[in-house]
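Working notes, structure below.
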Amino acid sequence: MDKTQAGHITTTTENRICTITFFHPMHNSLPGKLLGDFRDAIYEAGASEDNDLIVIQSEGERTYCAGASFHELVAIEDFASGKSFFMGFANVINAIRKCGKIVIGRVHGKAIGGGVGIASACDYCMATKFASIKLSELAVGIGPFVIGPAVERKVGLSAFSQMALNATEWQTAEWAKQKGLFTEVFETSKELDEYITHFTTNLVDKNPKALTLLKGIFWKGTEHWDDLLEERAEMSGSLVLSDYAKNSIRGFLKG
């Protein structure tokens, strides 16, 4: 199999907590097929009567998510393909928004671009001190358009603007906590996991109907996001075809 198309989504359920784990050998980047599988797993977990809570995490010990697959981006040759690729991230964010259950994020390492968007879409997100974040899209000629609403909703316009324009600089996990992206930051993955177990075990005992109603309140005012994120996917899908973006992405791939 082509390494760029490898990766998998796994789902496990225990004690009414569904854990969705994504993995890709290239720093947990997300090609289109994996994004589609990710979306489906979230909706399935949301519809299942076997769980009341969802946890999203990635495999490995280093990068949480490197964002979009640059190998797939550089191969895009037409607007329809470009829009379709960025709709993958839009669909994952909308799945988290609409799945009906509280989604907890576990971020153990660096998050870039779309990875920041996924963490931002989670209703409650915890991390280690190694979970630095960066919105690198502008550096490759695009811009964090699709994930922008989720990031801005969580950290505010000022912090989102800072990350969007300062596309080559990492922000620390502590900075992300101060801005509201992370609720807790831990020294080690072990401490992170211990607290997530404690937190989710406590939360899953709460009235599931109350949790569902809270989910709706948390996302009130985002009912237009299906259309909004599609418009944003069109922006990115157009820009990725530019010579500037193509050359920039190739430069990143060459290292």
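The values are calculated or read from the model by the stated rules, or taken from the named source; none is laboratory data. Source: prediction; values computed, not measured. Reconstructed Cβ throughout: ideal geometry from the backbone, glycine too, with neighbour counts over all protein chains shown.
When the criteria are applied in full, T10 fails the requirement of being surrounded by 19 or more Cβ atoms within 10 Å (Cβ to Cβ), within 30 Å of D205 (Cβ to Cβ), more than 14 Å from the chain's Cα centre (by Cα) and of a type in the set (S, T, Y). Contact annotation: residue pairs with Cβ atoms under 7 Å, 6 or more positions apart or on different chains, pairing a residue in segment 126-153 that is modelled with pLDDT of 95 or more with a partner that is part of a strand (DSSP E or B) and of a type in the set (K, R), are M126/R106.
Looking for whichever is over 24 Å from Q57 (Cβ atoms) and aromatic (F, W, Y) here; the options are F186, F252, F218. Which one fits?
Exactly one residue qualifies, and that residue is F252.
The number of residues in segment 197-235 being acidic (D, E) and touching a residue at least 24 places away in the same chain (Cβ under 8 Å) comes to 3.
If the condition is being over 14 Å from Q57 (Cβ atoms) and surrounded by fewer than 24 Cβ atoms within 10 Å (Cβ to Cβ), then segment 112-129 contributes I112, D123, K129. For segment 175-255, no helices (runs of 4 or more DSSP H) sit wholly inside it while including 3 or more residues that are of a type in the set (K, R), touching a Gly at 6+ places or on another chain (Cβ under 8 Å) and surrounded by 14 or more Cβ atoms within 10 Å (Cβ to Cβ). E152 passes every criterion in (1) exposed (fewer than 14 other Cβ atoms within 10 Å of the Cβ); (2) in a helix (DSSP H, G or I); (3) in contact with a helix residue (DSSP H, G or I) (Cβ under 6 Å, 6 or more places away or on another chain) apart from (1). Residue count for segment 38-72 satisfying the condition of being modelled with pLDDT of 95 or more and surrounded by fewer than 18 Cβ atoms within 10 Å (Cβ to Cβ): 8. Residues in segment 73-84 that are assigned to a helix (DSSP H, G or I) and buried (at least 19 other Cβ atoms within 10 Å of the Cβ): L73, G82, K83. Every listed requirement among (1) within 22 Å of R39 (Cβ to Cβ); (2) in contact with a strand residue (DSSP E or B) (Cβ under 6 Å, 6 or more places away or on another chain) is met by K129 save one, (1). Against the numbered list (1) in contact with a helix residue (DSSP H, G or I) (Cβ under 9 Å, 6 or more places away or on another chain); (2) modelled with pLDDT of 95 or more; (3) not hydrophobic (A, V, I, L, M, F, W, C), S248 comes up short only at (2). Among the residues of segment 102-110, none qualifies, meaning not one is on the phi < 0 side of the Ramachandran plot, surrounded by 19 or more Cβ atoms within 10 Å (Cβ to Cβ) and in a helix (DSSP H, G or I).
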